[in-house]
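Chemist: Sharing a structure below in structure tokens format, with a few things to ask.
The values are calculated or read from the model by the stated rules, or taken from the named source; none is laboratory data. Quick caveat, the model's predicted, so the values are computed rather than measured. Here the Cβ positions follow ideal geometry from the backbone for every residue, glycine too, while neighbour counts run over all protein chains shown. With ligands, DNA and RNA removed, areas are computed over all heavy atoms of the protein, side chains included. Shrake-Rupley method; radii C 1.70, N 1.55, O 1.52, S 1.80 Å.
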Amino acid sequence: MNELKTEQSRPLELLAPAGNFEAFKAAVENGANAVYLGGKSFSARASAANFDLEELQKAVRYAHERQVNVYVTVNILIADQEFKELLDYLYALHEIGVDAVILQDVGVAESIRTILPELETHASTQMTVNTSWGVDHLESLGFKRVVLARETSANEMKDIAEKTPLDIEVFVHGALCIGYSGQCLMSSFIGGRSGNRGTCAQPCRMTYQLVNEGKQNLLVQKNTGEHLLSPRDLNLAEELAELKRIGIHSLKVEGRMKRPEYVATVIRLYRQAIDRIGDQQEDRADAPLLTPGEHQELLQVFNRDFTRGYFRENLGAELMSYNRPNNRGTRLGRVARLEADRLSLKLEAALHPGDGIEFWTGRGREGVTVGLIWKDQKEVIEGLPGETVQIEFSGIAQPGDRVFKTNDALLMEKARLSFQEGREQRKSPLTMRLSGHEGDKLSLEVMDAQRKVKVYSASLAQKALKRPLTWEYAFQQLGRLGTTPFWLDKLELETDEGIMLPVSDLNEMRRLAVEELLQIEPRQRIDRQTYRQRVERWKQRQAEERSTLISLKNTIPQISVAVSDTLTLQAALKGGAKRVLIGGEHWRSRRGFSQEEIRASFKDCRRQGIDCAWRLPRVLNQAQSESLYLDLKEAAEWETKPKLVVANLGELEMMKDIHPDWPFEVDYSMNVFNETSLAYFLRQGAKKVTVSPELHHEQLAYLAKWPEVEVIVFGDLEMMVSEYCPVGATLGGKKGEQCARTCVKEPHYLRDRMRYDFPVETDQECRMHLFNVKILNLYEELAQIRRMGISNVRLQLTRQTPEQVKQIVRLFNETWDSLTVGKKGIRSSSDGMAELTSLFPEGFTKGHFFRGVL
């Protein structure tokens, strides 16, 4: 509890987004304590304008002059061929003086810890960390802060914050991803634009139908809306006091793609809410932090309707914006009548020239910008609530149509003024002390909250003949601070009476003092030569590790078969599987493994000489992790400790906590995309690493020189895992723990606008897992994969029938074995493909094997 109390005493950090310099200024001038932004490379918002190094240097100086921190996003997976450029970029960021970098890639974090430990690192939400074990592992990697997954609840945040010395950062406002960040491959598989590489195309904002196996639209009678994967926007403005109480340090606003006016408005309102927390009286702790008018401004600037997300509970359908994936605006009124080229509006809110409005008609939506406004045939400068006014209009609308305001001209102007050049308001108070005696040089001490400087006059103070130096005159001259980030708050005058000093001397003293204050004290920085030496030592160590491991490389080829229940396990063994991965997610559509069945399966496999490993689920919350921890402690006492396949950093940490030498492997959900990440997990003791399914064949060939690399060559590609279940939310009345469990009655699919049907599975924790339309099939590429030097391939058969599993395993075993001994296979490649096609007539995909990702 001591840590929590310490955290409560710390001021909350308001962390603002910036996609360009205008948005950056908007953030700083409206009260942000820190700003996060991206460079031109290696950023998860690649389509934002972002900052080149010169702009970044300018931004850091502007921020630091105002005691604002700057965090730079390097929050994507890095390809091996990009590491040289990345290392140069990281040093440039260090040299510029950025306060931290935000990372996704474990390999990048490990390289910074080794090469540039002076650069502070923050773990991105893309690392999918939502448990205290995951946070502990990030601490061991050198991170100083963790951005928790958006799915983390208030109780979980509190539990995590109490157990770690790291700063905890959470999102409080803006767009939500419907799936767990870092685990979503939907955009990647559909169009080759990967969220893990900063180029997500947001297919979740498109339209979908929920259909059954008979292709019947199950929601056609419900009028639900078709944006079934599009969530509302997060808004925790009234939860800020609770966030402070539970130990959260940094409050993050999403929006690097938003315009500067949006940043200005949202940050101004959150700044006001934070500042009011301390003013709340104990007996009014539940009083709103924002007024109704301020909440209206939050709505007006942008909303898809608002939600508290998972902060209190799983909201089901109340999380979602089924009817609209973009800005809804605010209710303005209704169409009263149409007259020639004018339209009458019955207003429920104020209307001004320049406002953007949108008509919701039976034929769709139509937007216009308001020009002139009339009332009772007279031109007016505004329309007020309750009034009926006329505007110019030449579109199609009907009396009774709803009208929404999507852009408020006055609110936008107010926002623009806040960051207009020359009108900067973010200034720090200064205290000055002017002292000295006649015949001496006067000294001027200047202090802000953190620094103190002292300068002297060029001339000696003299006895005044006409105009002696007074406090009022000195304050007037020394307070002329113009566009500097300061204002004069207090002046102490400690001089002899009746002396004078030329005004030019006062002005020069003020200029020199401000100049000295703005000489930001350099953080601990290393010179370029030292950095290059560190890089070379790091490269040499990695090369030596690779050589050592290659010498120990086991080239015996293996096929791993991942199955999710006892029936498909038996089918795999009948098909000739020599290595099986059991467990993983427990689908509600079939009976999964119990703990006792996992134990029995290990004994049975060991008796038959079959290599067996226990796959752990890819996502678990805090409570579920605690349950798994107990299961693993029990498993550690089995007569044979089961080999584990860990799917997230939290599982790796809890496993090592139970037994540091527990044999384990790394699953593909850990996003191993380069040799630095691969080396990290091998150094941790991994016996095998399944690499990212987003890798291109040339990237795979580069990684093949490392030992124990595994590649998925066949099976269902999971595109998304989400706490939101579209089946339960729309058909099962899901909210919190309540749900009719409709998902178990029949198979379900999400059908997109191209009429492709994406299979939906629900696990025992009611998470939705969305799969690609087509199954990955690299059967025809097996020879190429073998020539690369890859000995380990995987069949991901967690949704197949026992008969399908048996046939697939038999076919791949025959072919892989023939490639190993260099003999012609029993059947031709075309015969093998024909057999697979008969099992899956819907067709296959090569995934990213040839096309890679952007």
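Chemist: Rounded to the nearest Å, what's the spacing between the alpha carbon centres of the range 167-235 and the range 335-352? Just the number, please.
Modeler: Measuring centre to centre over Cα atoms gives 36 Å.
Chemist: Oh, and also: Given the range 12-63, report the % of alpha carbon pairs whose separation exceeds 13 Å. Each step should come with its number before you reach the end.
Modeler: Working: 688 of 1326 pairs.
Summing the P(r) tail past 13 Å for the range 12-63 gives 52 percent.
Chemist: Still on this structure, I have one more. Place a point 7 Å from Cα of Gln57 in the direction of its Cβ. Which residues in the range 96-123 have their backbone N less than 17 Å from it?
Modeler: 96-99, by backbone N distance to the label point.
Chemist: What is the antiparallel percent of DSSP beta bridges lying wholly in the chain, to the nearest 5? Mind showing how you got there, number by number?
Modeler: On the way: 69 of 139 bridges.
Taking every DSSP beta bridge within the chain, about 50 percent pair in antiparallel fashion.
Chemist: Please report Rg (one decimal) and Dmax (integer) in Å for the Cα set of the range 601-725.
Modeler: 15.3, 43
Chemist: Something else: Sort 418-428, 172-182 for me by packing, meaning the mean count of neighbouring Cβ atoms within 10 Å per residue, highest on top. Write down the numbers at each step before the final one.
Modeler: Details: 418-428: 15.5, 172-182: 22.8.
In descending order of packing, they fall as 172-182, 418-428.
Chemist: Past 22 Å, Cα to Cα, is the threshold; run Lys25/Lys252; Lys427/Lys454; Lys25/Lys454; Lys578/Lys705 against it and keep the listed order. Each step should come with its number before you reach the end.
Modeler: Details: Lys25/Lys252 17 Å; Lys427/Lys454 20 Å; Lys25/Lys454 30 Å; Lys578/Lys705 24 Å.
The pairs that break the limit, which is 22 Å between Cα atoms, are Lys25/Lys454; Lys578/Lys705.
Chemist: For the range 194-342, count the residues as N, evaluate 2.2 N^0.38 Å, and divide the Cα radius of gyration by that value, please.
Modeler: Working it through for the range 194-342, the quotient is 1.31.
Chemist: Further, regarding this structure: Using a Förster distance of 60 Å, how high is the FRET efficiency between Thr164 and Leu338, based on the Cβ-Cβ distance and rounded to 0.05?
Modeler: Details: r = 62 Å, r/R0 = 1.03.
According to the calculation, E is roughly 0.45.
Chemist: May I pose another question? Translational diffusion coefficient of the range 442-553 at 10 °C, 1.306 mPa s, Stokes-Einstein with Kirkwood Rh over Cα pairs, in µm²/s as a whole number. Let's see the in-between values first.
Modeler: On the way: Rh = 18.3 Å.
Reported coefficient: 87 µm²/s.
Chemist: Just the accessible area per residue of the chain, please: how many Å² with a 1.4 Å probe? It would help to have the intermediate numbers written out before the result.
Modeler: Values: 35360 Å² over 854 residues.
Ligands and nucleic acids excluded, the result is 41 Å² per residue.
Chemist: For a bin width of 5 Å, list the pair-distance distribution of the range 554-671 built from all Cα-Cα distances, rounded to whole %.
Modeler: Answer for the range 554-671: a P(r) of 2, 11, 22, 25, 22, 13, 5, 1, 0 percent.
Chemist: Net charge around Asp305, counting only other residues with Cβ within less than 10 Å of its Cβ (Lys, Arg = +1; Asp, Glu = -1)?
Modeler: On the way: positive: Arg232, Arg304, Arg324, Arg328; negative: Asp233, Glu318.
Summing Lys and Arg as +1 and Asp and Glu as -1 gives +2.
Chemist: In nm, to one decimal, how far is the Thr483 label point from the Gln524 one, both placed 7 Å along Cα→Cβ?
Modeler: 3.7 nm
Chemist: Quick check: pseudo-label points 7 Å beyond the Cα along Cα→Cβ at Glu82 and Ala409, how many nm apart are they?
Modeler: 4.4 nm
Chemist: What percent does the relative contact order of the range 185-248 come to when contacts are Cα pairs within less than 8 Å and at least six residues apart?
Modeler: Working: 50 pairs, mean separation 13.8, N = 64.
22 percent.
Chemist: Need the full-extension length gain, Glu348 to Ser627, defined as separation in residues times 0.36 nm minus the C-alpha distance. One decimal, nm. Numbers along the way, then the final one.
Modeler: Numbers: separation 279, 0.36 × 279 = 100.44 nm, distance 5.26 nm.
Between Glu348 and Ser627, full extension yields an extra 95.2 nm.
Chemist: The range 492-529 to the range 537-571: how many Å between their Cα centroids?
Modeler: Using only Cα atoms to place each centre, the spacing works out to 63 Å.
Chemist: For Lys222, list the lysines whose Cα falls under 16 Å from its own Cα; do not include residues on the same chain fewer than 8 positions away.
Modeler: Lys734
Chemist: Note down the Stokes-Einstein diffusion coefficient of the range 44-147 in µm²/s, whole number, using a Kirkwood radius over alpha carbon pairs, 25 °C, and 0.890 mPa s. Before the final figure, lay out the partial values.
Modeler: Numbers: Rh = 14.3 Å.
This corresponds to a translational diffusion coefficient of 172 µm²/s.
Chemist: Moving on to the next point. Taking the Cβ of Gly354 as the centre, find all other residues whose Cβ is under 10 Å away and add up their charges (Lys, Arg: +1; Asp, Glu: -1). Mind showing how you got there, number by number?
Modeler: Numbers: positive: none; negative: Asp355, Asp408, Glu413.
Once positives and negatives cancel, what remains is -3.
Chemist: For Ile396 paired with Asn212, estimate the spin-label separation in nm (one decimal), with each label point 7 Å from Cα along the Cα-to-Cβ line.
Modeler: 3.6 nm
Chemist: In a shell of Cβ-Cβ distance under 14 Å around Ser560, excluding Ser560 itself, what net charge do Lys and Arg (+1) and Asp and Glu (-1) give?
Modeler: Computed value for this residue: +2.
Chemist: Could you state the number of Å between the C-alpha centres of the range 800-854 and the range 715-761?
Modeler: After rounding, the separation between the Cα centres reads 29 Å.
Chemist: Going by Cβ distance under 4.7 Å, what cysteines of the chain have no possible disulfide partner?
Modeler: Those would be Cys177, Cys184, Cys200, Cys204, Cys725, Cys739, Cys743, Cys766, since no other cysteine Cβ in the chain comes under 4.7 Å of theirs.
Chemist: State the extension gain, in nm to one decimal, for the chain segment bounded by Glu545 and Arg607, taking 0.36 nm per residue of separation less the distance between their alpha-carbons. Walk me through the intermediate numbers first.
Modeler: Working: separation 62, 0.36 × 62 = 22.32 nm, distance 3.50 nm.
Length gained, Glu545 through Arg607: 18.8 nm.
Chemist: Semi-axes, largest first, in whole Å: what does sqrt of 5 times each Cα gyration tensor eigenvalue give for the range 725-806? List each step's numbers first, then the result.
Modeler: Values: eigenvalues 230, 44, 27 Å².
The answer is 34, 15, 12 Å, longest axis first.
Chemist: List the lysines whose alpha-carbon lies under 21 Å from that of Lys405, not counting same-chain residues fewer than 8 positions away?
Modeler: Qualifying lysines at Cα under 21 Å: Lys258, Lys346, Lys375, Lys414.
Chemist: Can you work out the FRET efficiency for the pair Ala600 and Thr114, with r the C-beta to C-beta distance and R0 = 41 Å, to the nearest 0.05? The partial results should precede the final answer.
Modeler: On the way: r = 44 Å, r/R0 = 1.07.
With R0 = 41 Å, the Cβ-Cβ based efficiency is 0.40.
Chemist: In the chain, carbon and sulfur make up what percent of the accessible area (probe 1.4 Å)? All intermediate terms of the calculation are to be shown ahead of the outcome.
Modeler: Details: 16880 of 35360 Å².
Whole-percent figure for carbon plus sulfur exposure: 48.
Chemist: Provide the FRET efficiency to the nearest 0.05 for the Glu637-Glu313 pair, computing r from the beta carbons and using R0 = 35 Å.
Modeler: With a Förster radius of 35 Å, E is 0.45.
Chemist: I've got another one for you. Given the Cα-Cα distance of Arg851 and Gln476 and 0.36 nm per residue of separation, how much length would full extension add, in nm? It would help to have the intermediate numbers written out before the result.
Modeler: Numbers: separation 375, 0.36 × 375 = 135.00 nm, distance 6.75 nm.
Between Arg851 and Gln476, full extension yields 128.2 nm more.
Chemist: Okay, moving on. Could you point to the label whose value was computed as percent of Cα pairs over 38 Å apart for the structure here, given (i) 50; (ii) 67; (iii) 56?
Modeler: Recomputing percent of Cα pairs over 38 Å apart here gives the entry labelled (i).
Chemist: May I ask you to list the lysines whose Cα is less than 16 Å away from that of Lys846, ignoring any residue fewer than eight positions away on the same chain?
Modeler: Lys774
Chemist: Would you mind checking the range 19-39 for residues with the amide N under 19 Å from a putative spin-label position 7 Å along Cα→C-beta of Asp275?
Modeler: Within reach of a label on Asp275: 25-35.
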